[in-house]
1. Kirkwood Rh, the stretch 68-223, all Cα pairs: how many Å?
2. Mind sorting M199, M64, M225 by how few other Cβ atoms lie within 10 Å of their own Cβ, fewest first?
3. Sort C177, C154 so that the residue with the fewest other Cβ atoms within 10 Å of its own Cβ comes first and the one with the most comes last.
4. Label D147 and D161 with points 7 Å out from Cα along Cα→Cβ: what is the distance between them in nm?
5. Using R₀ = 30 Å, calculate the FRET efficiency as 1/(1 + (r/R₀)^6) where r is the Cβ-Cβ separation of K228 and A114; round to 0.05.
6. Using the per-residue mean of other Cβ atoms lying within 10 Å as a proxy for protection, in what order, highest first, do the peptides 139-148, 77-86 fall?
7. Which order results if D213, D89, D75, D191 are arranged by neighbouring Cβ count within 10 Å, fewest first?
Amino acid sequence: MVINDSTGTPRARFMAGYILHSSSRVQAIFHYREPFMVCRHGYTYISSRSIFSCQSTRLTVKTMGTLGRKIVGTDVKDLVNLLNKAYSDEWLAYYQYWIGSKVVRGPNKEAVIAELTLHATEELAHATLLTTRIIQLGGTPVTKPADWYKLTNCGYEAPDDPFIVKVLEQNIKGEQCAIKTYNALLKKTKDKDPVSYNMFLTILSQEVEHEEDLQALLEDVEIIMKNK
Ligand code: FE
Ligand code: FE
Ligand code: MG
């Protein structure tokens, strides 16, 4: 069984699984994205990451997105690791907002619930942007939630005290950490990786908005409490 990588990339880098070969057909099993593939003579299979061309017992594998990766002027492996760290932050932020919106108690609750719920969906959208970029760069997004805790920059603060002031303060702290994180990522990718840079800029703009929204809500809550 011969595997050719037309780009010269060692096959181990993108072939996470293993290949079984019988005289009449080749079966390839990949644990990354391609769950199971039967290779038939003369067929070309296109997955999200690779093109597989099957010529009898010969399987040719071409990785996709190679030029897109080549133009990145910084260490791609290191960048993927940083992207996975930010990705972990986003999932934890999503859950912190989501569960916060369910348990929060106190004055001006309805407005705060609406904002926390919206922010949760926006954090999840950030995770989607990051995972797309990780895959484009040939990386693997974090597959186990337990690893979010190991990789996170900003951590997770459980809203065990559901008082509205406390929940808002926890989320403001999270946003300020996110702002610092994305600002550092912008500096790292400036003039080196315009695609990641553009994505970080989009996310940072929204984190800045989030901080402002929460601080304005906190101010409203404090005014209500003072005038009671
Ligand atoms: Fe975010
Ligand atoms: Fe945010
Ligand atoms: Mg908002």
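Values quoted throughout were computed directly from the atomic coordinates according to the rules given, and no laboratory measurement underlies them. Here the structure is a predicted model, which means the values were calculated and not measured. Here Cβ is always computed from backbone atoms with ideal geometry, including for glycine, and neighbour counts include all displayed protein chains.
1. 16.0
2. On the way: M199 22, M64 17, M225 13.
Least crowded to most crowded, the residues run M225, M64, M199.
3. Numbers: C177 17, C154 22.
Going from least to most buried by this count: C177, C154.
4. 3.5
5. With R0 = 30 Å, the Cβ-Cβ based efficiency is 0.85.
6. The densest-packed peptide leads the list: 77-86, 139-148.
7. Details: D213 18, D89 26, D75 11, D191 8.
Fewest to most other Cβ atoms nearby, the residues stand as D191, D75, D213, D89.
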